[in-house]
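Novice: First the structure, which I've put down as structure tokens, then a few questions once you've had a look.
The values are calculated or read from the model by the stated rules, or taken from the named source; none is laboratory data. This one's a predicted model, so the numbers in the text were calculated from it and none came from an experiment. Virtual Cβ from ideal backbone geometry, glycine too; neighbours counted across all protein chains shown.
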Amino acid sequence: MTTFFRITAGALLVPAVLLIQGCTTGGAFLEENDPLYQGELDCKETSVDSPTDLPCHEDCTRDCGFNGAPKYPRGVKYCVCQGGVFIECRCPRAEWYIGPISAPYCDSLTADGSGLTGIIEDQACPNEWQECVGRDIVTGYTPRGCVCLDKRGTGQFIWVCGSTEKWFYPDQSTE
């Protein structure tokens, strides 16, 4: 019986050693035009929250944060490629962004109480830098939200919505 266990253990050890050896170079070797690298293009796209975990060849940057142009330009997201995948993408809070660090949910701003950001986006709002966090379903890791900005440079404030990029968080107070 002891011989059986030694053979079984040896049979399992060899593939494990080969697997570890194969991973030391960053994983699978994909051809340059492999369709899995299509995700690398998402680093340039603004419709994808974050390309984290998608295949890549190199680090990249892209626009991120709220689009308050022309008065408030978008931030810059830095995506790090390591071992053939994006391991993280960060969008530091833009210097011009002076909104508070926490905000209530958008529920009270929507007529139906759903808190969905699409309902209030581009609608008039009363106070610049007022924020809210949406109840939208997200596919990434960061909730959507809205901020009241003078986007058009006319002195009229509107809700600008998008990924919060962790520039502000849901208010956790118990008021």
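Novice: Hey, does segment 111-123 have a residue that's out of contact with any strand residue (DSSP E or B) (no Cβ under 9 Å at 6 or more places or on another chain) and either of a type in the set (S, T, N, Q) or surrounded by 14 or more Cβ atoms within 10 Å (Cβ to Cβ) (or both)?
Specialist: The answer is yes, given that some residue of segment 111-123 is out of contact with any strand residue (DSSP E or B) (no Cβ under 9 Å at 6 or more places or on another chain) and either of a type in the set (S, T, N, Q) or surrounded by 14 or more Cβ atoms within 10 Å (Cβ to Cβ) (or both).
Novice: Hey, can you tell me all the residues within segment 163-175 that are in contact with a strand residue (DSSP E or B) (Cβ under 7 Å, 6 or more places away or on another chain) and either among the hydrophobic types (A, V, I, L, M, F, W, C) or crowded, with 22+ Cβ neighbours inside 10 Å (or both)?
Specialist: Within segment 163-175, S163, T164, E165, F168 qualify.
Novice: Give the residues of segment 144-157 that are surrounded by fewer than 21 Cβ atoms within 10 Å (Cβ to Cβ) and either closer than 20 Å to A94 by Cβ or among the charged types (D, E, K, R) (or both), sorted by residue number.
Specialist: Of everything in segment 144-157, those that are surrounded by fewer than 21 Cβ atoms within 10 Å (Cβ to Cβ) and either closer than 20 Å to A94 by Cβ or among the charged types (D, E, K, R) (or both) turn out to be D150, K151, R152, G153, F157.
Novice: For segment 66-175, which fully contained strands (runs of 3 or more DSSP E) count at least 3 residues that are farther than 24 Å from C56 by Cβ?
Specialist: Correct list: 131-133, 144-149, 158-163.
Novice: Does R135 satisfy the condition of being among the charged types (D, E, K, R), in contact with an Asp or Glu (Cβ under 6 Å, 6 or more places away or on another chain) and not assigned by TED's automatic domain parsing to the domain that holds D53?
Specialist: No, not satisfied.
Novice: Select, from G113, G145, G153, the only residue that is under 12 Å from F168 (Cβ atoms), of a type in the set (G, A, S) and outside the structural domain of H57 (by TED's automatic domain parsing).
Specialist: Among G113, G145, G153, only G145 is under 12 Å from F168 (Cβ atoms), of a type in the set (G, A, S) and outside the structural domain of H57 (by TED's automatic domain parsing).
Novice: Test V147 against the criterion of being over 24 Å from T52 (Cα atoms) and in contact (Cβ under 8 Å) with a residue 12 or more places away in the chain, and give yes or no.
Specialist: For V147, the condition - over 24 Å from T52 (Cα atoms) and in contact (Cβ under 8 Å) with a residue 12 or more places away in the chain - is met.
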